[in-house]
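Structure first, commentary second.
The numbers here are math on the coordinates, done by the rules we state, and not lab data. The structure displayed is predicted, hence computed values, not measured ones. Cβ sites come from the backbone with ideal geometry, for glycine too, and all protein chains shown count toward neighbours.
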Amino acid sequence: MELRSYQWEVIGPALEGKNIIIWLPTGTGKTRAALYVAMRHLEMKSNAKVAMIVNKVHLVHQHYSKEFQPHLKDRFKITPISGDSGSKGFFANFVKDSDIIICTAQILHNALMSDSQEKHVELTDFTLLIIDECHHTQKDAVYNKLMEIYLQKKFNGHRKLPQILGLTASPGTGGANTFEKAVEHILKICANHDTWRIMSPQTSIKDMEAKAKQPIKQYDLVPERVKDPFGDKLKELMTTIHQYLGDFEFITEFGTQMYEQKIVQMEKDGAETSNRRKRTCAVHLRKYNDALFLHDTVRMKDAYDFLDEFYTSEKLEKNSRNEIDIYLYTLFDGYRHNLLALSSDIKYENPKLKRLEEILKKHFHNSSNSHGIIFTRTRQSTNYLLQWINNTDFLRGLNIKAATLTGAGFSNQSQHMTQNEQKEVIQKFRKGFLNLLISTSVAEEGLDIPECNIVVRYGLMTNEISMVQARGRARAEDSCYSFLAKSGGKESRREMTNESLEDLMKRAIRYVQDMPETEYQEKVKDLQMESITERLVKQAKVESKKKFPASDVRLDCRNCHAAVAYGSDMRIVEGAHHVNINSDFKVYYEEHTGPIKLERKMEDWVPGGKIRCSSCKVRKSTPRAVVANLWHGCQRWHSEPFLWAPKPSPQFRVCQIGLKAFPCDPIQTRTCHAQCYFKAASLAARTT
């Protein structure tokens, strides 16, 4: 196995058994360097066992098939384990029988926490832990949870702790805006990994720079629309909804991330206070705000189609007669034709698209070997940009073979890609069947993507880590990194700030690297003690919030507030999934799709279809917790999901399913007289 001079330089302390972080640019072989350390570790240390942990499932298979298996398969047993591999249920057995385990950090953390003999392992079962993209080891990230277990064991006197090897292209500044704060952030990253030193080339910098060629950066800034009648009309509709709510607090912030955060909080507040008008209007306002984001990113037509599709599906699926829904439907329908006409006026089309067309023309017109990535903010915008490319006559003639690449995480707001779909797209891009990816941030780090000659950051406002990671994709000869945004906008100002933050990060790292060893070790130890203390305080706060027994917590439909279950009906599976075990829960929902197909096989259950509230027909209704001991009336009946009705008189109950009143007789059968056949939740819970 051959290594370059800068790789030999940075792995030196790791070969001596020291904990280090390797800081190298994207594409310079961090994984190959870690592979060599793992190989030598297994050769030199008796009873050695290596775990490489990653933060994304597809990286498990990438590191296995591209690096570890090809180079070490004849000498060591290597096992990749991820949620879709079916192996995690026997994690402990695979660890015992393997020399190298490659898995997601979440799977390792679940195994450390598990009581199952087939799953449970100890951190001390490993002698070397390699942490990919280790800049994520902070705050509440699962990487940091693993290292908190490590630090707790260290301060409890455990001596057989694994060696730690972190890999990163950009530790970042942690939001710092001063040199002192940036240094503190780098020290925290080092402390979290119990790092002896953060390593980067000192004597072989030229060799590294020859490998990590920097692209030519250009700012492609375009002026704002002179007039924006379509956007103005959307804002007018949003203002009308705020007037309907009687809420004028933040109507000047339409189309911003700040507004989105506030409207999400409004929806949450409306659900928690049973204010259906507030909650429903917040949901619709968020859709209008998403349309404004699309209007700023892609075509006006795309923003209109997005809203039109939302209202069409809402009316078909809910078929609601609620006055709030009818008002919002009628409001949009009244402006539908006006919005459609405005969205078709090319005089006011998005100027960023014209500039993007020129960039693609320059790099794909005379080159059959061009590869590029367009980074954009949302999954919706990736799909609409793909449609725009496919529908633009000139671009169709450039032999551009484009596809979208988005995250596999589930979202209520948009369709996600499966991990198999991600793998297929990346493989086609690698083999040349595709030459342009339109991607969210999922392609910024970790993925084994061919060297690109054009990378476009399309109207993004992110941090310096994302900038560095995305720029690292442009590694071909004479490659170009374009930042495309509105002139004088917040996005371009943030990109310039990111350049300053990158320089600040580099200066902070050099300062930490040059610190006297005694001073460095003292600061690291202090930060580790602070981390342990903070975790204990946080745990105490979490425990203090558990004020009520599960049986005293009622769960309601988030939309119509119908009572549907109790906390005592719920169980947590694998420390993450909340499952209702009461078979009578089916009275309160209906499946509106066939069984969902998951890429991975679950151990104790199979997926059903998507559900919606049987009362209001809202999809994926999220429960809302209500403390049952605040109710008034007969406590012997509070274990059933009924609400007290002010009318008729208090000696009568109102069934939430049949909406009929019946006498509150404490000795009658515990079955609803309104023929809804709902049995008491507590009875079902006791018999399971």
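Figures for the structure shown
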item: Ascending count of other beta-carbon atoms within 10 Å, so fewest first, for Val50, Val512; result: Val512, Val50
item: Order of Glu517, Glu67, Glu2 - criterion: other Cβ atoms within 10 Å of each residue's Cβ, fewest first; result: Glu2, Glu517, Glu67
item: Members of Lys45/Lys96; Lys30/Lys154; Lys431/Lys597; Lys96/Lys153 lying beyond 18 Å, as alpha-carbon distances in this model show; result: Lys30/Lys154; Lys431/Lys597; Lys96/Lys153
item: For the chain: span of alpha carbons on each principal axis (Å, largest first); result: 86, 68, 46
item: Peptide ranges 171-182, 552-563 listed from the most packed, as the mean C-beta count within 10 angstrom indicates; result: 552-563, 171-182
item: Under 11 Å, Cβ to Cβ, from Gly12 - net charge with Lys/Arg +1 and Asp/Glu -1; result: 0
item: Burial ranking of peptide ranges 207-220, 17-30 (average Cβ count within 10 Å, highest at the top); result: 17-30, 207-220
item: Fraction of beta bridges assigned by DSSP in the chain that are antiparallel (%, nearest 5); result: 30
item: Local electrostatic count, Glu249, Cβ distance below 15 Å [Lys/Arg +1, Asp/Glu -1]; result: -3
item: Fewest-first ranking of His592, His242, His371, His577, using other Cβ atoms within 10 Å as the exposure measure; result: His577, His592, His242, His371
item: Spin-label pair Phe248/Lys401, simplified geometry with 7 Å Cα→Cβ offset, distance in nm; result: 5.8
item: Stokes-Einstein D (µm²/s) once Rh is taken as the Kirkwood radius of the stretch 287-411 over alpha-carbon pairs, at 25 °C in 0.890 mPa s; result: 148
item: Kirkwood hydrodynamic radius of the stretch 171-314, Cα pairs, Å; result: 19.7
item: Point-charge dipole on Cβ atoms (K/R +1, D/E -1) for the chain, about Cα centre, debye to 20; result: 980
item: DSSP H segments from the chain that extend 30 Å or more along their own axis, Cα-based, with Kyte-Doolittle mean of -0.5 or above; result: none
item: Surrounding net charge for Leu436, when Lys and Arg each add one and Asp and Glu each subtract one, Cβ distance under 12 Å; result: +2
item: Percentage relative contact order, the chain, counting C-alpha pairs under 8 Å, at least six apart; result: 13
